[in-house]
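Comments concern the structure below.
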Amino acid sequence: MSVDQNTLRRRGTGLRAHDPRRSFGGYTLYTPITGDGRIHLVGIDGEPAHTWNSPHPPGRQAQLLPGGTLFYAAKDTGGPSLFPIWDVYHGGIFQELAPDSTVLREVRHPFHHHDASVLRNGNLLITVVEPLSPADAARIRGGIPGSEAPGGVIYGDVVYELTWEGETVWRWAAIEHLDPEEVPLNPHFAREHWPMANTVNELADGGIVVGFRSASTTVAVDRADGSVRWRIGPDVLAQQHHPHELPGGNILVFDNGTYRDTTSVPYSRVLELDPTTGEQVWSYEDNPPQNFYSPYMSSAQRLPNGNTFIAEGSFGRLFEVTPEGDVVWEFVVPEFGSFSRGTGLESSRGAQNSVFRAYRYGAEQIPWL
């Protein structure tokens with residue numbers, strides 16, 4: 001009998017654990033990052049409940065909107081190629097899909113990458129890149145020497161509010177509001193992209209949270225003047241993903257921990273932080289801590305019953321923990337695929353079941369199911 005040579009698949013996929021007494025229940029939405037445009041919804045039993053189909057591969061992720069339609073950030077495979085890893089993490093297509101996968105709305109932006117979300121006013125909030133001027137590029141600190149994009153270019157992050165008609169109605173550029181001296185790139189990252197945003201979403205009062213992986217920094221932005229209200233940096237975070245506001249004002253974030261300064265052992269954790277002080281209100285890590293680790297991607301979501309739903313994105317492991325840290329549900333994504341572009345990069349080799357982010361929903365949030 002031949003042996004499956006994929007380590008993760010050999011360890012087992014699908015539903016791995018479930019404690020129905022303590023689990024929130026509901027449905028889990030995930031998008032295999034190497035997939036062909038299929039977005040999956042599974043029940044608490046791990047069985048398929050619904051599938052959307054888009055002709056475009058994922059840029060990063062999908063999520064349900066109020067009313068039950070699907071927001072999908074897809075990849076424009078015909079877009080520009082700015083530097084090698086751009087082919088892996090750029091997106092460029094935004095769709096709202098009906099339950100039967102009919103495209104209700106679509107808009108595109110060629111320089112979009114990583115995250116996008118729908119604002120309460122119905123517009124989109126997206127992360128894009130723009131090339132920095134030579135003078136501004138010279139101000140960027142840190143990173144791997146000589147690793148700029150072709151021509152010595154450094155691309156800077158910009159957040160756009162975009163209408164579904166493609167009009168930009170608000171713009172925030174990191175280089176205009178962050179001091180590169182205070183937000184340097186981690187020395188393990190390329191200088192082609194600063195500070196490398198991977199998350200953008202709306203605060204309850206209309207402000208914006210932006211997370212920058214390569215600088216291990218998360219900021220809150222005032223929509224009125226673009227000023228930075230608070231910043232949590234690498235003294236707390238390490239290559240984090242998905243910082244977002246909880247009811248009450250705290251921030252929940254997946255702290256990846258690849259290059260955490262305080263330890264030689266990489267491990268991940270989920271943190272609930274007071275944004276004004278950076279102090280931990282709650283945290284989850286495994287025991288031993290290295291048993292839970294995703295070097296990139298990933299997310300965390302606080303559930304209505306107080307549990308936390310976590311996507312250990314690099315390895316397609318989705319699980320739910322109680323406030324005390326007990327695992328009460330676990331599912332390993334069974335869909336494996338390979339990146340069609342960017343395959344020369346270490347993290348993009350071979351078949352993998354990774355997801356950028358995943359979400360848990362109650363039955364009442366899916367009225368058509």
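The values are calculated or read from the model by the stated rules, or taken from the named source; none is laboratory data. Keep in mind the model is a prediction, meaning the values are calculated, not measured. Backbone-built Cβ (ideal geometry, glycine too); neighbour counts: all protein chains shown. Accessible surface is based on the protein model in full, side chains and every heavy atom, while ligands, DNA and RNA are left aside. Shrake-Rupley method; radii C 1.70, N 1.55, O 1.52, S 1.80 Å.
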Selection count, region 348-369, where residues are open to solvent by 10 Å² or more (accessible area, probe 1.4 Å), farther than 17 Å from P295 by Cα and not in a loop (DSSP other than H, G, I, E, B): 5
The listed residue being within 19 Å of the chain's Cα centre (by Cα) and among the charged types (D, E, K, R), out of E324, E330, E312: E312
Residues that are closer than 26 Å to V321 by Cβ, in contact with a strand residue (DSSP E or B) (Cβ under 9 Å, 6 or more places away or on another chain), of a type in the set (K, R) and in contact (Cβ under 8 Å) with a residue 24 or more places away in the chain: does region 60-80 have at least one? yes
With the condition being open to solvent by 70 Å² or more (accessible area, probe 1.4 Å) and under 30 Å from S227 (Cα atoms), I'd like the strands (runs of 3 or more DSSP E) fully within region 62-165 carrying at least 1 qualifying residues. 103-108, 124-131
For L271, only one of the following conditions fails: (1) at pLDDT 95 or above; (2) in a helix (DSSP H, G or I). What is its number? (2)
Residue, most open to solvent (accessible area, probe 1.4 Å), within region 242-268, restricted to residues that are in contact with a strand residue (DSSP E or B) (Cβ under 8 Å, 6 or more places away or on another chain), outside any strand (DSSP E or B) and touching a residue at least 40 places away in the same chain (Cβ under 8 Å): L246
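Filter region 166-190 for residues that are of a type in the set (A, V, I, L, M, F, W, C) and assigned to a loop (DSSP other than H, G, I, E, B) and give the result. Write out each step before concluding.
Taking region 166-190 and keeping what is of a type in the set (A, V, I, L, M, F, W, C), we get 169-170, 172-175, 178, 183, 185, 189-190.
Across region 166-190, the qualifying residues are L178, V183, F189, A190.
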Looking at F71 and the list (1) in contact with a Phe, Trp or Tyr (Cβ under 7 Å, 6 or more places away or on another chain); (2) under 27 Å from D205 (Cα atoms); (3) hydrophobic (A, V, I, L, M, F, W, C), which single condition is not satisfied? (1)
Filter result (open to solvent by less than 10 Å² (accessible area, probe 1.4 Å) and over 16 Å from L318 (Cβ atoms)) within region 33-53: G37, W52
